[in-house]
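The block underneath contains the structure these notes are about, expressed in structure tokens.
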Amino acid sequence: MTSLFSLVLAAILALLAAASAIGFILQRRATEPGSVATVHNLNARIRSWWIMVAIFGGAILLGDTAVVILFALLSFMALREFWTLTPSRRGDHLALFLSFFVVLPVHYVLLGTLWYGLFAIFIPVYAFLILPAVATLTGDVNEFLARSARVQWGLMLTVYSISHAPALLMLQTDTPSALLLVYLVIVVQLSDVFQYVWGKLLGKHRFSPNISPSKTLEGLIGGGASAILVGTLLYRLTPFSPLQAAAVSTVIVVAGFFGGFVLSAIKRDLNAKDWGYVIEGHGGVLDRLDSITFAAPLFFHIVRYWFTT
């Protein structure tokens, strides 16, 4: 695993170095206000990618426990961002306290101890039933259904769905499980990057301005196809054949797109542009992981049901 991961990491670092050099050149040449702003945003994104790659790569090298802890922290931050923008009432406070400090840590402990049976149902069954029951104890029935739904959605998106990325470490395949996680993250994130690049270069037709004004049809097609190509070429990181890698990459890209699209729709409903500001050039943690929320569970179950040994 170490040699393969080292090669992939070296390639990513080389790409980042090339991107940084291009960003530096563009910054020197940009003169128009619009171009200056675009290049500034591009360079901010590249700087953030250096940090994110270092953190993720370091966690992979440190081992499974470090990866689980990293994703638990990311889920905590994403859940915090979700509730920073989402309206709540005093009657929600107990359910929110339990979400942050009981449900989330217990869920990741189940993941870390490889207790798949309870991990799979803890949030969608037990938390689903217990949290609304606890909320009734406050006696606040105003918009109770909507408030309960927001609690459930917050947990499902930021904890349950995202946790299926490190849950890949549970699986036994012909490939080291950590490489499956690396593969998922590469395909999902490159899809986002390629969609951004293709959209900037060729984007003319807005896909859905009301939900995501920056997304274009050209960016979606070009970025998705590019990510699928990369996913196919990286089949050696997986137990897939090249054809299977192409099919699975397609699922990842499509699911990732709709993950980002759904989270964008929620942001628009909340009158927000970004979920947060912790990642320069990207927004919040949830802005960076929105594609993972849909892609990770699907990828996990595809691998679990058809490729485990």
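The values are calculated or read from the model by the stated rules, or taken from the named source; none is laboratory data. Treat the numbers as computed from the prediction; the structure is a model and nothing was measured. Ideal geometry is used to build each Cβ from the backbone, glycine not excepted, and the neighbour counts take in all protein chains shown.
For the reader, a short list of remarks on this structure follows.
- Looking at ALA44, ALA54, ALA17, ALA37, just one residue is more than 30 Å from ILE266 (Cβ to Cβ) and surrounded by fewer than 16 Cβ atoms within 10 Å (Cβ to Cβ), and that residue is ALA17.
- The residues of segment 141-153 that are in a loop (DSSP other than H, G, I, E, B) and under 21 Å from LEU79 (Cβ atoms) amount to a single one, GLU143.
- Looking across segment 209-234 at every residue that is modelled with pLDDT of 95 or more and hydroxyl-bearing (Ser, Thr, Tyr), the one that is farthest from the chain's Cα centre (by Cα) is identified as THR232.
- Any hit, segment 76-88, residues being of a type outside the set (Ser, Thr, Tyr), farther than 15 Å from VAL151 by Cβ and surrounded by fewer than 20 Cβ atoms within 10 Å (Cβ to Cβ): yes
- In the set (1) over 22 Å from ALA167 (Cβ atoms); (2) free of Cβ contacts under 8 Å to residues at least 60 places away in the same chain; (3) surrounded by fewer than 15 Cβ atoms within 10 Å (Cβ to Cβ); (4) not β-branched (Val, Ile, Thr), LEU270 fails one condition alone, (2).
- The set of residues in segment 235-244 being in a helix (DSSP H, G or I) and either under 20 Å from the mean Cα position of the chain (by Cα) or charged (D, E, K, R) (or both) consists of ARG236, LEU237.
- Residue check, SER177 of a type in the set (Gly, Ala, Ser), surrounded by fewer than 23 Cβ atoms within 10 Å (Cβ to Cβ) and closer than 21 Å to ALA78 by Cβ: no
- The set of residues in segment 251-297 that are more than 13 Å from the chain's Cα centre (by Cα) and aliphatic (A, V, I, L, M) comprises VAL251, VAL254, ALA265, ILE266, LEU270, ALA272, VAL278, ILE279.
- Within segment 134-173, considering residues that are over 20 Å from LEU98 (Cα atoms), of a type outside the set (S, T, N, Q) and in contact with a Ser or Thr (Cβ under 8 Å, 6 or more places away or on another chain), the one surrounded by the most Cβ atoms within 10 Å (Cβ to Cβ): LEU168
- Hits in segment 62-96 - residues which are charged (D, E, K, R) and over 19 Å from SER291 (Cβ atoms): ASP64, ARG80, ARG89, ARG90, ASP92
- Segment 101-116 residues that are surrounded by fewer than 20 Cβ atoms within 10 Å (Cβ to Cβ) and at pLDDT 95 or above, paired with ones that are assigned to a helix (DSSP H, G or I) and basic (Lys, Arg) (beta carbon under 9 Å, 6 or more apart): TYR116/ARG304
- In segment 177-214, of all residues being among the basic types (Lys, Arg) and without any contact (Cβ under 8 Å) to a residue 24 or more places away in the chain, the one that is nearest to GLY256 (Cα to Cα) corresponds to ARG206.
- Qualifying positions in segment 273-305 - of a type outside the set (Lys, Arg), without any contact (Cβ under 8 Å) to a residue 40 or more places away in the chain and outside any helix (DSSP H, G or I): ASP274, TYR277, GLY283
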